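Trainee: Take a look at the following structure, please.
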Amino acid sequence: MKKKYGLLLAMLVALFMLVVPMSTQHAQAATDDSLEKIQKKGVLVMGTSPDYPPYEFQATVNGKSTVVGMDVEIGKKVAKDLGVKLKIKSMSFDSLLVALQTGKVDMVISGMNPTPARRKNVDFTHTYYQGGYEIVVNKADKGKYKDKDSFSGGTLGAQTGTTQYNAAKKQTKNTTVKGMTSNSDLILALQSHKVQGVAMEKPTAQAYVSNNKQLAALPSHFDMSSSATSSAIAFRKGSTSLVNKVNKTVDQVKKQDLVKKSYLPTAGKYLKTNTVNTSMGHYWKAFLTGIEYTLIITVCSVFFGFIIGIILALARMAKGGVLKTALRWLATAYVEFIRGTPMMVQVMFVYFGLGLFVNLPALTSGIIAISLNSGAYVAEYIRGGINSVDDGQTEAARSLGMSNGETMRYVVLPQALKNIWPSLGNEFITLIKDSSIVSIIGVTELIYQSNIVRSDTYRGVAPIVVIMVLYFILTFTASRILNYFERKMQHD
Ligand code: ARG
């Protein structure tokens, strides 16, 4: 027994030793052909976290939810000056720099401040705008608070991975700091009194306040002396030629005061259209796309998961020579490893980690990760199913002259399948719900869409209720259909 686990551990360690050095090697190999590369490619992919009006946010443009804002205007100008097309990729703020480093995006414009810690990992252009920091509170409580120092004994919210989060942690006393991945969620937390204030850049605070009569903004009095409180554009480390070129654009933007004169007013126009129609029915298209992607991911993952599951189950049951024993160990190690690590981590590993070697789109990464995950569970069901088929069946089939493979295919597996049908059905239903994890890498499934609707409408609870109902309809329908087949199989 002990030996078995020792071997398992050794295999895992070997796996890591293989993967980790490969990924660092890859990072060091970069030489500075950054400008040339982008111009050759013809597209510049901008990563941003669109929960930050007027910097970047979702608005309905010509009936379609689109990322807009002053950062998008800057992105457009940068792309234009480079002579390439701009493509925007949304993700949570704390994933942006990882996405940049792993090549998922070419630059980050997201109201990001060039802090010394960030500078260690990426290169920044000159800064283009300083908004200052403020704190959003519920208007009813406005009299109670003056600035960052008034929240002693209470809770201050800030987006995770931001400078405001760090400032709140370092520059307040006796105050709990609560981090959340999106500012829209923080505003909800504020309205439901989970936090008493939310720290963010002043223009954003003003945008939230002007969109919602129940909110008010306070000066923060955080230390603003460092240059790391203005926003700049981030590029991969070592992209000197690209950064130098883009600096020319940034300098021009600053010299002509384009942010104030042109980009902020453009963003402001979208902010107003944002408040037009916030009924959930208005967003049926977004929800429909969400359902579509949720089903695509689930169906593909169940399909591939099933195939992986059969292979793993057979490998786990292989008996005999050295090769088969090795196969069995490998399959066992795989199942144990997958079941012993969170699916969320696996999804990030496939997208960001494997992304170092092959640039997989988010949807493909999501399907791969969930299929690999599901395969491990399905393998166990199948193994159980195969074991549940009486040995006499195999013996009978063999004595009729069937080969080992034929016996498996025509006798054992069909019966096993019938026995494990309910478990497989459960797996399908679980996946409908769990596929929501891929929203973290930006796959536009149901959860992702509900987040968009949430930041688009500034309504917190309604989109949650809508997707709750939608998920239930999906799973309930699926379970009815599965039951139907189960009953049919019982009759056969
Ligand atoms: N300026 C802050 C920082 O650099 C917050 C930026 C948040 N941006 C956003 N798009 N949510 O950390």
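The values are calculated or read from the model by the stated rules, or taken from the named source; none is laboratory data. These numbers were taken from a predicted model, which means no experiment stands behind them. Because the Cβ atoms are built from the backbone with ideal geometry, glycine has one as well, and the counts that use them run over all protein chains shown.
Trainee: So, in the stretch 205-235, exactly how many residues are among the charged types (D, E, K, R) and over 27 Å from residue 121 (Cβ atoms)? Talk me through it step by step, then tell me what you get.
Mentor: If we filter the stretch 205-235 for residues that are among the charged types (D, E, K, R), which is where we start, we get 213, 223.
This time we only want the ones that are over 27 Å from residue 121 (Cβ atoms), so: 213.
Summing the residues that are among the charged types (D, E, K, R) and over 27 Å from residue 121 (Cβ atoms) in the stretch 205-235 gives 1.
Trainee: Please enumerate the residues belonging to the stretch 94-111 that are farther than 20 Å from residue 179 by Cα and either among the aliphatic types (A, V, I, L, M) or in contact with a Leu (Cβ under 8 Å, 6 or more places away or on another chain) (or both).
Mentor: Of all residues in the stretch 94-111, those farther than 20 Å from residue 179 by Cα come to 99-109.
Residues satisfying the conditions are 99, 100, 102, 103, 105, 106, 107, 108, 109.
Trainee: Taking the stretch 116-135, which residues are part of a helix (DSSP H, G or I) and either away from the ligand (no atom under 14 Å from the Cβ) or of a type outside the set (Gly, Ala, Ser) (or both)?
Mentor: 116, 118, 119, 120, 121 - these are the residues of the stretch 116-135 that are part of a helix (DSSP H, G or I) and either away from the ligand (no atom under 14 Å from the Cβ) or of a type outside the set (Gly, Ala, Ser) (or both).
Trainee: Take the stretch 229-274 and flag every residue that is polar (S, T, N, Q) and in contact with a Phe, Trp or Tyr (Cβ under 8 Å, 6 or more places away or on another chain).
Mentor: The initial filter retains those residues of the stretch 229-274 that are polar (S, T, N, Q), namely 229-231, 239-241, 244, 247, 249, 252, 256, 262, 266, 273-274.
Matches in the stretch 229-274: 229, 230, 231, 274.
Trainee: Now, a different point. Those residues that are crowded, with 21+ Cβ neighbours inside 10 Å and within 15 Å of the chain's Cα centre (by Cα), I need them from the stretch 420-441; list them, please.
Mentor: Of everything in the stretch 420-441, those that are crowded, with 21+ Cβ neighbours inside 10 Å and within 15 Å of the chain's Cα centre (by Cα) turn out to be 435, 437, 438, 439, 441.
Trainee: I would also like to ask the following. Take the residues in the stretch 167-177 that are surrounded by fewer than 18 Cβ atoms within 10 Å (Cβ to Cβ) and outside any loop (DSSP other than H, G, I, E, B); name whichever of them is farthest from the ligand (Cβ to nearest atom). Steps first, please.
Mentor: Here is the first cut: in the stretch 167-177, the residues surrounded by fewer than 18 Cβ atoms within 10 Å (Cβ to Cβ) are 169-171, 173-174, 176.
From what's left, outside any loop (DSSP other than H, G, I, E, B): 169-171, 176.
Working: 169: 13, 170: 13, 171: 14, 176: 20 Å.
So the residue we want is 176.
Trainee: Out of the residues in the stretch 207-233 that are more than 28 Å from the chain's Cα centre (by Cα) and hydroxyl-bearing (Ser, Thr, Tyr), which is modelled with the lowest pLDDT?
Mentor: 227
Trainee: Tally time: how many residues in the stretch 89-110 are surrounded by fewer than 20 Cβ atoms within 10 Å (Cβ to Cβ), more than 11 Å from the ligand (Cβ to nearest atom) and not in a loop (DSSP other than H, G, I, E, B)?
Mentor: 3
Trainee: Just name the residue that is surrounded by the most Cβ atoms within 10 Å (Cβ to Cβ) out of those in the stretch 182-213 that are among the β-branched types (Val, Ile, Thr) and away from the ligand (no atom under 11 Å from the Cβ).
Mentor: Narrowing the stretch 182-213 to residues among the β-branched types (Val, Ile, Thr): 187, 195, 198, 204, 209.
Now drop any that are not away from the ligand (no atom under 11 Å from the Cβ), which leaves 187, 195, 198, 209.
Values: 187: 25, 195: 26, 198: 28, 209: 17.
The selected residue is 198.
Trainee: Specify the residue that is nearest to residue 465 (Cα to Cα); the eligible residues are those in the stretch 272-286 that are assigned to a helix (DSSP H, G or I), of a type outside the set (Gly, Ala, Ser) and touching a helix residue (DSSP H, G or I) at 6+ places or on another chain (Cβ under 6 Å). Give the derivation first.
Mentor: Initial filter on the stretch 272-286 (assigned to a helix (DSSP H, G or I)): 272-273, 280-286.
Now narrow it down to the ones that are of a type outside the set (Gly, Ala, Ser): 272-273, 280, 282-285.
So of that shortlist, the ones also touching a helix residue (DSSP H, G or I) at 6+ places or on another chain (Cβ under 6 Å) come out as 280, 283.
On the way: 280: 10, 283: 14 Å.
Restricting to residues being assigned to a helix (DSSP H, G or I), of a type outside the set (Gly, Ala, Ser) and touching a helix residue (DSSP H, G or I) at 6+ places or on another chain (Cβ under 6 Å), the top hit is 280.
Trainee: Right, here's the next one. Filter the stretch 35-82 for residues that are surrounded by 24 or more Cβ atoms within 10 Å (Cβ to Cβ) and in a loop (DSSP other than H, G, I, E, B); which is nearest to the ligand (Cβ to nearest atom)?
Mentor: 49
Trainee: Working only within the stretch 150-166, note down all residues that are away from the ligand (no atom under 14 Å from the Cβ) and assigned to a loop (DSSP other than H, G, I, E, B). Write out each step before concluding.
Mentor: Of the stretch 150-166, the ones away from the ligand (no atom under 14 Å from the Cβ) are 150-156.
Residues satisfying the conditions are 152, 153, 154.
Trainee: Criterion first (charged (D, E, K, R) and free of Cβ contacts under 8 Å to residues at least 60 places away in the same chain) does residue 255 satisfy it?
Mentor: On the way: charged (D, E, K, R): yes; free of Cβ contacts under 8 Å to residues at least 60 places away in the same chain: yes.
Spelling it out, residue 255 is indeed charged (D, E, K, R) and free of Cβ contacts under 8 Å to residues at least 60 places away in the same chain.
Trainee: Follow-up question, since we're still on this one. In the stretch 409-427, is there at least one residue being over 12 Å from residue 297 (Cβ atoms), out of contact with any helix residue (DSSP H, G or I) (no Cβ under 9 Å at 6 or more places or on another chain) and not charged (D, E, K, R)? Give the steps one after another, and end with the answer.
Mentor: Going through the stretch 409-427, the residues over 12 Å from residue 297 (Cβ atoms) turn out to be 409-427.
Restricting the remaining residues to those that are out of contact with any helix residue (DSSP H, G or I) (no Cβ under 9 Å at 6 or more places or on another chain) gives 409, 414.
Next, from what is left, pick out any that are not charged (D, E, K, R): 414.
Yes, some residue in the stretch 409-427 is over 12 Å from residue 297 (Cβ atoms), out of contact with any helix residue (DSSP H, G or I) (no Cβ under 9 Å at 6 or more places or on another chain) and not charged (D, E, K, R).
Trainee: Any residue in the stretch 214-233 that is outside any strand (DSSP E or B) sitting within a Cβ distance under 6 Å of a residue that is of a type in the set (D, E, K, R) and within 14 Å of the ligand (Cβ to nearest atom)? List the pairs, counting only those 6 or more apart or interchain.
Mentor: Note: pairs meeting the criteria are 220/134.
Trainee: Taking residue 113 as the residue in question, decide whether it is near the ligand (Cβ under 9 Å from one of its atoms), assigned to a helix (DSSP H, G or I), out of contact with any His (no Cβ under 6 Å at 6 or more places or on another chain) and over 25 Å from residue 456 (Cβ atoms).
Mentor: Working: near the ligand (Cβ under 9 Å from one of its atoms): yes; assigned to a helix (DSSP H, G or I): no; out of contact with any His (no Cβ under 6 Å at 6 or more places or on another chain): yes; over 25 Å from residue 456 (Cβ atoms): yes.
For residue 113, the condition - near the ligand (Cβ under 9 Å from one of its atoms), assigned to a helix (DSSP H, G or I), out of contact with any His (no Cβ under 6 Å at 6 or more places or on another chain) and over 25 Å from residue 456 (Cβ atoms) - is not met.
Trainee: Right, something else. Return yes when residue 222 is surrounded by 19 or more Cβ atoms within 10 Å (Cβ to Cβ) and away from the ligand (no atom under 12 Å from the Cβ) and no when it is not. Lay out the reasoning, then the answer.
Mentor: On the way: surrounded by 19 or more Cβ atoms within 10 Å (Cβ to Cβ): yes; away from the ligand (no atom under 12 Å from the Cβ): no.
The answer is no for residue 222.
Trainee: Looking only at the stretch 279-312, count every residue that is among the small types (Gly, Ala, Ser) and either under 18 Å from residue 443 (Cα atoms) or in contact with a Phe, Trp or Tyr (Cβ under 6 Å, 6 or more places away or on another chain) (or both) and tell me the total.
Mentor: So the count comes out to 3.
Trainee: Going by what's in this entry, would residue 189 be described as in contact (Cβ under 8 Å) with a residue 60 or more places away in the chain and among the aliphatic types (A, V, I, L, M)? Working first, answer last.
Mentor: Numbers: in contact (Cβ under 8 Å) with a residue 60 or more places away in the chain: no; among the aliphatic types (A, V, I, L, M): yes.
No: the conditions fail for residue 189.
Trainee: Has the stretch 136-146 got at least one residue that is farther than 30 Å from residue 270 by Cβ, within 11 Å of the ligand (Cβ to nearest atom) and free of Cβ contacts under 8 Å to residues at least 24 places away in the same chain?
Mentor: Taking every residue of the stretch 136-146 in turn, none turns out to be farther than 30 Å from residue 270 by Cβ, within 11 Å of the ligand (Cβ to nearest atom) and free of Cβ contacts under 8 Å to residues at least 24 places away in the same chain.
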